[in-house]
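Structure record follows, encoded as structure tokens.
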Amino acid sequence: MSQNNLASAYRDVGRPVEAILLFERTLAARERLLGGDDPSTLNSRGNLASAYRDVGRSAEAIPLLEQNLAAQERMFGPDHPDTVRSVGILAAMYQAEGRAAEAIPLLERTLAVQERLLGPDHLDTIRSRNNLAGAFRTTGQVARAIPLIEQILTTRERLLGVDHPRTLSARNNLAAAYREAGRAAEAVPLFEQTLAACERLLGAEDPRTQATRNNLALARREADQAEQSSD
């Protein structure tokens, strides 16, 4: 069994320390013998980055992912599936490390490519749109997040139906974003619709139903306060 395969086996059975040691050795050997841009080297670098991530060493994984992305852009171009995948992985790693501002350009790039190549309604496109909206909210740019979440909700209602769990999640996210933007009055009907669906599908005592009920009460209070202050 090769070192790389043995490392993968160690990782699969929950022995990350041994896996990382072998992935590091494999990467060093392949860089020396094959060069930094060989596909086998890229694979080893990605495996090591994944192993680092699995044990909470994302800060060490990021430079490896950045190096892989640069090589793939150079060899395959920005629209190649491997390149697009690497962009998404690196963006997720930035977010995991609290570096959402650095993730945003990568998420925007991924979304643009997927909209062009896969279409706006593809599951990967919707997922990327949601990730970008989340990054905008994390960095305090809720006004930029709202149009994306509105589009996600419209798409999921059309494709999945109004009561699908992913539709409920999108509706809840949009209501929360409206609240963050000081638009509580617009959040109220969304929370009301979500609460009705949760009570019907999950029951009145389900934690998700209770959380939605609390969010609705807060939104109503904020909407009333905003109306009173404008009088």
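Each value in this text was obtained by applying a stated rule to the coordinates, not by laboratory testing. Because the structure is a prediction, the values reported are computed rather than measured. Please note: Cβ atoms are built from the backbone with ideal geometry, for glycine as well, and neighbour counts cover all protein chains shown.
Potential lengthening of the chain between A185 and A101 amounts to 27.3 nm, from the contour at 0.36 nm per residue minus the alpha-carbon distance.
Cα gyration tensor of the chain, axes a ≥ b ≥ c as square roots of the eigenvalues: rounded (a/c below 1.5), prolate (a/b > b/c) or oblate? Prolate, since a/c reaches 1.5 and a/b exceeds b/c.
Between the range 178-197 and the range 71-86, the alpha-carbon centres lie 40 Å apart. Taking a ≥ b ≥ c as the square roots of the eigenvalues of the alpha-carbon gyration tensor, the range 119-187 is classed oblate because a/c is 1.5 or more while a/b is no larger than b/c. Projecting label points 7 angstrom from Cα along Cα→Cβ for N43 and E227 puts them 6.4 nm apart.
Only one residue of A145, A204, A187 has its Cα farthest out toward the positive end of the dipole of the range 143-231, where Lys and Arg carry +1 and Asp and Glu -1 on Cβ, and that residue is A145.
Assuming charge only on the beta carbon of Lys and Arg (+1) and of Asp and Glu (-1), the dipole of the chain about its Cα centre is about 300 debye to the nearest 20.
Using alpha carbons only, the radius of gyration of the range 143-231 set against its Kirkwood radius gives Rg/Rh = 1.00.
Using the Cβ-Cβ distance between L218 and E66 with R0 = 35 Å, the FRET efficiency computed as 1/(1 + (r/R0)^6) comes to roughly 0.30. Over the chain, Cα pairs under 8 Å with separation of 6+ residues give a relative contact order of 8 percent.
Per residue, what volume in Å³ does the Cα convex hull of the range 75-141 take up? Before the final figure, lay out each step's value.
Details: hull volume 5.0 nm³, N = 67.
Dividing the Cα hull volume of the range 75-141 by its residue count gives 75 Å³.
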